[in-house]
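To start, the structure under review is shown below, and the notes come after it.
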Amino acid sequence: MRDARRPNVASACASAYPGADDRAGDRARRHNEGVTTTSAESGRSRPRAAGEGGARRRGKGSAPLASERREHLVRLAAELFAEKGFQATTVRNIADEAGIQSGSLYHHFDSKESIADEILSSFFSEIMSAYQAVLDRGDNPRDTVAGLVRVAFGTLEPHRAAVTVMQNDWNYLKGMARFAYLTKSEDEVEKMWVDTLRTGQEQGLFRADLDPKLTYRMIRDTIWVAVRWFRPGGRLNAEGLAEHYLKVMFDGINRH
């Protein structure tokens with residue numbers, strides 16, 4: 001059963017494709033003949049056949065509209081990947097959810113892998129930049145770890161689908177050549193955390209008997225798994241959730 005919340009987004013996406021059904025067959029045919037359609041073509045208008053009354057004029061807002069269509073498709077696909085899993089989601093599923101023909105989807109993306117690539121690369125680019133900004137402040141290791149935790153929790157709402165896809169399909173996706181950057185990015189993130197934890201140990205701020213890498217991975221996993229139960233609009237927002245987590249992490253549950 002389709003989520004009752006999604007039709008509004010799907011309808012908006014469908015309305016952004018006037019005449020989608022009429023053009024789908026032609027785009028599908030061109031795709032099968034090996035004509036590659038990319039996002040750069042999103043702002044171009046296809047010339048009409050002779051029987052269609054000449055060339056179609058490009059509207060002034062065609063490029064922004066194409067970008068809006070693309071964003072709609074990415075959002076819809078991200079939700080489907082999160083709910084059904086990447087492997088179980090087909091191009092037809094995405095097109096149906098958007099209210100368009102499958103051929104129309106190929107006007108923007110050559111495959112569902114391309115959509116997942118955009119979702120995950122955007123997520124990693126944003127979170128790594130935010131992590132680096134925390135490190136660049138030059139705070140003591142305890143405050144730096146707190147800042148990193150806040151950044152991680154801050155992704156749960158805007159990047160809920162990306163985090164869920166990572167939870168569910170990480171092992172499958174990282175085995176594909178185009179997603180090789182996932183492992184590289186995760187290694188870079190791990191180094192940021194582990195170096196900070198190790199420095200804190202050297203400065204006597206953190207316990208010396210804890211393994212920094214294992215500690216980071218436990219922190220990482222307990223944060224990311226929250227995406228399964230955290231819902232915006234509850235008693236705590238992401239910021240409040242991060243502060244509660246920091247109390248447990250730094251102070252524990254025992255009375256002192």
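Derivation of every value follows stated rules applied to the coordinates shown; laboratory data play no part. Since the structure is predicted, the reported quantities are computational estimates derived from the model, not experimental observations.
Over region 96-165, the alpha carbon radius of gyration divided by the compact-protein estimate 2.2 N^0.38 Å works out to 1.54.
Mind jotting down a quarter of the surface of the convex hull over the alpha carbons of region 113-251, in square nanometres, one decimal?
Working: hull surface 34.3 nm².
Its Cα hull, projected and averaged over all orientations, spans 8.6 nm².
Annotation: lysines with alpha-carbon distance below 28 angstrom to Lys84 (same-chain offsets under eight excluded): Lys112, Lys174, Lys184.
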